[in-house]
Amino acid sequence: MSKRIVLVTGAARGLGAVVARRFHQAGYRVGLADIAFDEVQGVARELDASGDTACAIRLDVTSKADFAAALDTLVQRWGGVDVLVNNAGASKVVPVMDITAEQFDLVIDVNLRSVLFGCQVFGQYFADRGEGRIVNVASLAGQNGGSATGAHYAAAKGGAITLTKVFARDLAARGVTVNAISPGPLDLPIVHESVPADKLKTVIAGIPVGRLGSAQYVADVAVLLASPDAYFANGACWDVNGGLYMR
Ligand SMILES: NC(=O)c1ccc[n+]([C@@H]2O[C@H](COP(=O)([O-])OP(=O)(O)OC[C@H]3O[C@@H](n4cnc5c(N)ncnc54)[C@H](O)[C@@H]3O)[C@@H](O)[C@H]2O)c1
């Protein structure tokens, strides 16, 4: 059987790099996309220096044209794409009363407009071929308003969960499923870099399971949702938050 193909955005580091590695281990050909091209090229080469099963793609998720170009690249290189993981995201914490129009727009563009464009471009392609899987990486912040990440980020992630439902409903009859994963704080570099050590201790103490989340496990969930067998999981938001938010 020919290998399935996935595009992972924000794959240069953090969760995206873990997700890309996990899909590769699961036997996928992996397109690793990021705005940080040198870094993402390093991860792609580490997976497969020959380029046969992993390739780096320059992609700014705020650009719909970049998504279209990435799709073309993968179709030309490997003959198609089966899965999109909209993982890229970013935020800079600013108190809610101080967020400027520019700061708001930037965070919305990277975390929410990216999901719109990814689902439009790949959703249309998947619908036309009658199959496909989209996994959007949202956040606990999009469900509970967040604490450490900023109101603009929380609002964007809430919007990403809503867009997941809209695309899931619209594309379902054409063989395409769209789901979100909503992680709580993960044991990843960004968390250690952006949260001061003493504050992080308090954050961890407040998590019911008493520890940060595993990025590897979130990656396993993404692979599970990407499976051809996953046709009945659609429009869902998969919570992986240690019990911080239950519903
Ligand atoms: N780390 C956590 O605890 C946590 C929790 C919940 C959700 N998330 C979500 O997981 C995803 C990955 O986060 P992370 O923790 O790995 O962050 P990170 O900052 O370590 O990595 C984000 C990656 O996205 C890339 N990126 C940023 N802007 C981009 C753009 N415009 N176009 C393309 N790529 C861009 C960066 O270059 C980087 O490689 C994000 O959507 C984030 O919101 C993370």
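Taking every protein chain into account, the 1.4 Å probe leaves Lys92 with about 150 Å² of accessible area, to the nearest ten. Centroid-to-centroid, using Cα positions, the stretch 9-46 and the stretch 90-157 are 20 Å apart.
Highest GNM mean-square fluctuation among Val19, Val83, Val221, for the chain modelled with Cα contacts below 10 Å: Val221.
For Asp239, nonlocal amide neighbours, meaning residues 5 or more places apart or on other chains whose placed amide H falls under 5 Å from its own, are Ser182.
When the residues Asp105, Asp60 are ordered by accessible surface, computed with a 1.4 Å probe over the protein chains alone, the sequence from largest down reads Asp105, Asp60.
Note on exposure: Phe122, Phe167, Phe104 ranked by accessible area (1.4 Å probe, complete protein assembly) read Phe104, Phe167, Phe122, with the most exposed listed first.
Largest mean-square fluctuation among Ser227, Ser182, Ser114, in a Gaussian network model of the chain whose springs join Cα atoms under 10 Å apart, belongs to Ser227. Using a probe of 1.4 Å, the accessible surface attributed to Glu102 totals some 130 Å² when neighbouring protein chains are kept in position.
Within the listed set Asp220, Asp72, Asp229, the Gaussian network model of the chain (springs between alpha-carbon atoms below 10 Å) gives the highest mean-square fluctuation for Asp229.
Quick one: pull the percent of accessible area on the stretch 5-239 belonging to carbon and sulfur, 1.4 Å probe, ligands and nucleic acids left out. Could you put the intermediate results ahead of the total?
Values: 5790 of 10540 Å².
Roughly 55 percent, rounded to a whole number.
With only alpha-carbon atoms in the gyration tensor, what are the semi-axes of the equivalent ellipsoid for the chain, in Å, largest first? Intermediate values should be presented prior to the final figure.
Working: eigenvalues 153, 75, 66 Å².
They are 28, 19, 18 Å, listed from largest to smallest.
Please work out how much length the chain gains when fully extended from Ile190 to Thr202, using 0.36 nm per residue of separation minus the C-alpha to C-alpha distance, in nm with one decimal.
In short, 2.6 nm is gained.
Sequentially through the stretch 68-76, phi angles give Karplus couplings (6.51, -1.76, 1.60; θ = phi - 60°) of 5, 5, 5, 4, 4, 4, 5, 5, 5 Hz, Gly and Pro residues having no value and appearing as x.
Only lysines eight or more places from Lys199 in sequence, or on another chain, were considered; those with a Cα closer than 27 Å are Lys92, Lys157. In percent, rounded to a whole number, the relative contact order of the chain is 18, using alpha-carbon pairs under 8 Å and six or more apart.
Top to bottom by accessible area (1.4 Å), largest first, where do Thr9, Thr100, Thr202 land? Show your work: numbers first, answer last.
On the way: Thr9 0, Thr100 60, Thr202 95 Å².
Descending order: Thr202, Thr100, Thr9.
Ligands, DNA and RNA aside, Phe37 has an accessible area near 40 Å² when probed at 1.4 Å. Among the trypsin sites (Lys or Arg not before Pro) in the stretch 164-228, those placed in a DSSP loop whose Cβ has at most 11 other Cβ atoms within 10 Å are Arg211. Relative to the longest principal axis of the Cα atoms of the chain, the long axis of helix 14-25 lies at roughly 30 degrees.
Only one residue of Thr73, Val191, Asn234 has its Cα farthest out toward the positive end of the dipole of the chain, where Lys and Arg carry +1 and Asp and Glu -1 on Cβ, and that residue is Asn234. Once the other residues with Cβ under 12 Å from the Cβ of Ala215 are scored (Lys, Arg +1; Asp, Glu -1), what is the net sum? Neighbourhood net charge equals +1. A straight chain from Glu39 to Ala68 at 0.36 nm per residue would run longer than the Cα-Cα distance by 8.3 nm.
Estimated from helical segments only, the mean residue ellipticity of the chain at 222 nm is -14000 deg cm²/dmol, where each DSSP H run of four or more residues counts as -39500 (n - 2.57). How about Lys64: which aspartates and glutamates have a C-alpha closer than 17 Å to its C-alpha, ignoring those fewer than 8 places off in the same chain? Lys64 reaches Asp34, Asp72, Asp105, Asp109.
The values are calculated or read from the model by the stated rules, or taken from the named source; none is laboratory data. Just so it is clear, the model here is predicted, and its values are computed rather than measured. Positions of Cβ are backbone-derived with ideal geometry, glycine not excepted, and every protein chain shown enters the neighbour counts. What goes into the accessible areas is simple: the full protein's heavy atoms, side chains included, and nothing from ligands, DNA or RNA. Shrake-Rupley method; radii C 1.70, N 1.55, O 1.52, S 1.80 Å.
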